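One structure, as structure tokens, below. Some questions next.
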Amino acid sequence: MARLKVGVLISGRGSNLQALIDAAAAPDYPAEIALVLSNRADAAGLARAAAAGIPHRAVPHPSREAFAAAADAALRDSGVGLVALAGFMRLLDGGFVAAWRDRLVNIHPSLLPAFPGLDAQRQALAAGVKIAGCTVHFVREAVDTGPIIVQAAVPVREDDDEAALSARILAAEHRIYPLAVRLFAEGRLAVEGGRVRIAGAVPPGLALFNPAAG
Ligand code: GRF
């Protein structure tokens, strides 16, 4: 069966892009990264795409509308069926979000709906939560909203600073993004109202306690 073509939008480092590239290297993975677009020409993630032989380019961002038009055309020309935001740091044009509704996903470093927006890990530390995490969700127009596909929880440790917590969350991000894209590509996601139903979902079974429950 043909693999789903995924377009990835980035602005920087591209470690989540790398996780998707690595997952797609497995012959049985149901998706391939067909195109990488960055609003910044100096994004390190563009070099990751180049190293993997994936078509990639910087798309100028003179305005939200102009970026959206150029990105939309490039994505359609590449036959993309799913757009994944991976550290894409600009707000998307509402028309683009509507056009790609339920085919546009984002990853965010918190357990949404807690801590949307910038510096989610810092927000989590400031709030004093004992469990943090990350979320892959379908994108709606308001920032970091939309039906949730996959979440991972990680403990906040007593000696955590922002860097340590961010690294722990990032390791989980690199696992849930390929999982969410796989579930989408396998046609197992159904959006029902604000909720995503997953066909054949495997329940995790264990709760995460922090501090550990005696
Ligand atoms: C990640 O923490 C992601 O959740 C957030 O931006 C960061 C991007 O990191 N949206 P990278 O560019 O994928 O390394």
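What's the FRET efficiency of R157 with R188 using the Cβ-Cβ distance as r and R₀ = 35 Å, to the nearest 0.05?
0.55
Which residue fluctuates most in the GNM of the chain (Cα springs below 10 Å): V36, V80, V181?
Most flexible of the set in this elastic network: V80.
Quickly estimate the mean residue ellipticity at 222 nm for the chain, helices only: each DSSP H run with n ≥ 4 gives -39500 (n - 2.57), and the total goes over all residues, rounded to 500.
Taking each H run of at least 4 residues, the total per residue is -10000 deg cm²/dmol.
Under a GNM of the chain (C-alpha, springs under 10 Å), which listed residue has the highest mean-square fluctuation: G87, G187, G133?
Looking only at G87, G187, G133, the biggest GNM fluctuation is shown by G187.
Could you give the nm distance between label points at R3 and S78, where each point is 7 Å from its Cα heading toward the beta carbon?
Here the answer is 1.3 nm between the modelled labels.
Highest mean first, how do 199-205, 11-17 rank when packing is the count of other Cβ atoms within 10 Å averaged over residues?
The densest-packed peptide leads the list: 11-17, 199-205.
Moving on. How many percent of all Cα-Cα pairs in segment 1-152 sit more than 19 Å apart?
The share of Cα pairs beyond 19 Å in segment 1-152 comes to 53 percent.
Running a GNM on the chain with Cα contacts under 10 Å, which residue among S110, S166, S63 ends up with the highest mean-square fluctuation?
Ranking S110, S166, S63 by mean-square fluctuation puts S63 first.
Could I ask something else about it? As an exercise, identify the chymotrypsin sites (Phe, Trp or Tyr not before Pro) in segment 137-214 lying in DSSP coil whose Cβ has no more than 14 other Cβ atoms within 10 Å.
Hits after loop and neighbour filter: F209.
Antiparallel DSSP bridges in the chain: what percent, to the nearest 5?
Roughly 45 percent of the DSSP beta bridges within the chain come out antiparallel.
Could you pull out the longest piece of the chain with no exposed loop GluC sites (Glu not before Pro) in it, calling a site exposed if DSSP puts it outside H, G, I, E, B and it has at most 16 other Cβ atoms within 10 Å?
That gives 1-140 as the longest site-free run.
Quick note: the coordinates plus some simple rules give every number you see, no bench work behind them. This structure is a prediction, so every number in the text was calculated from the model and none was measured. With ideal geometry, Cβ positions are generated from the backbone for all residues, glycine too; neighbour counts draw on all protein chains shown.
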